[in-house]
Amino acid sequence: MQNRRVFVKQMAAASALASIGGLGLSSCEASKTKKITILHTNDVHSQIDPLPTNHYKYPGLGGFARRASLIDQVRKENPNTLLLDAGDIFQGTPYFNFYGGELEFKLMSKLKYDVATIGNHDFDNGISGLLAQMSHATFDFVSANYDFAKTDLVEFVKPYRIIEKEGIKIGIFGLGVELEGLVSKKLYKETRYLDPIEISQDIVSVLKHEQGCDLIICLSHLGYSYKSDKVSDLVLAKATQNIDLIIGGHTHTVLPTPVQIRNAAGQPVLINQCGKSGVYMGQIDFYFDSKEKVSSTGRTIVV
């Protein structure tokens, strides 16, 4: 069995506004400050249209068209914007039953998503069903703890992606929930689950020390928190170092503003998650003085 480090190397080669921590901007000149905006979604579950006007909780909210307008507005304000998704793109409406995910990937491509990770429901049509839709996606898929080496997804899903915006290197990696007991084995086939905390430490070491990333983001489909000792975003944040932001999914948690947790080194980690069905979209702005991160702000946007 290959160790985690070798796996990481091989896979990489194959391929409301609230202050939430950091230092104040008063110490840096505006002309030197660079702003990186992260927009993110999770658990959209094939909700293409707005929810029905008689919906029990979110009447008339959501929809790809409205999200597109909000994204365009943010990008006009700051060209240094990334658009990310934390998984469970599929399953939940007749659109998925009929088109099998084609429409979701095509619309996400039109919205110019940059990176997404894979949730458990994205396996609902099996490895072959997910693979069949990959050609409709112009964005990248990342997952560090799903070892796809013995599946046809190996060429399409990488552990991480690095994107540079105005000289700021942003490393983005993905994590998925354990599939055994949650998804039928016949759907995920030879996909091997790796411990998310251990693999995160390896990936982050590569991103931080070998690739020189200034900002490290985890797209997590682990879930925000559990009453048990199951690995969650909160557990991950406390057990690791050098992750700046965890964008979560799976538990459909709505966080009005990002939560700040201290990591294993006592440094702050931001965690955010935006419910489900595209009703909300998260926005987090990081400010850099040269390449030094000095502050951040975050909000949850109602779509």
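For the stretch 192-235, which residues satisfy the criterion of being assigned to a strand (DSSP E or B) and either at pLDDT below 95 or in contact with a Gly (Cβ under 8 Å, 6 or more places away or on another chain) (or both)? Residues satisfying the conditions are 193, 215, 216, 217, 218, 219, 220, 221. Inside the stretch 120-143, residues that are in a loop (DSSP other than H, G, I, E, B) and closer than 13 Å to residue 191 by Cβ make up a count of 1.
Yes or no: residue 215 of a type outside the set (Val, Ile, Thr), farther than 22 Å from residue 182 by Cβ and in contact with a Phe, Trp or Tyr (Cβ under 7 Å, 6 or more places away or on another chain)?
Values: of a type outside the set (Val, Ile, Thr): yes; farther than 22 Å from residue 182 by Cβ: yes; in contact with a Phe, Trp or Tyr (Cβ under 7 Å, 6 or more places away or on another chain): yes.
When the stated conditions are applied, residue 215 passes them.
Kindly evaluate residue 280 against the criterion of being under 17 Å from the mean Cα position of the chain (by Cα), aromatic (Phe, Trp, Tyr), surrounded by 20 or more Cβ atoms within 10 Å (Cβ to Cβ) and at pLDDT 95 or above.
Numbers: under 17 Å from the mean Cα position of the chain (by Cα): yes; aromatic (Phe, Trp, Tyr): yes; surrounded by 20 or more Cβ atoms within 10 Å (Cβ to Cβ): yes; at pLDDT 95 or above: yes.
Against the criterion (under 17 Å from the mean Cα position of the chain (by Cα), aromatic (Phe, Trp, Tyr), surrounded by 20 or more Cβ atoms within 10 Å (Cβ to Cβ) and at pLDDT 95 or above), residue 280 qualifies.
In the list 144, 149, which residue meets the criterion of being under 17 Å from the mean Cα position of the chain (by Cα), of a type outside the set (D, E, K, R), modelled with pLDDT of 95 or more and within 20 Å of residue 200 (Cα to Cα)? Going through 144, 149 in turn, the sole match is 144. When the stretch 70-99 is limited to residues that are among the charged types (D, E, K, R) and crowded, with 20+ Cβ neighbours inside 10 Å, the one that is farthest from residue 251 (Cα to Cα) turns out to be 85.
Note on the stretch 242-291: enclosed strands (runs of 3 or more DSSP E) holding 2 or more residues that are of a type in the set (Asp, Glu) are 280-289.
The values are calculated or read from the model by the stated rules, or taken from the named source; none is laboratory data. Being a predicted model, the structure only gives us computed values, none of them experimental. Cβ sites come from the backbone with ideal geometry, for glycine too, and all protein chains shown count toward neighbours.
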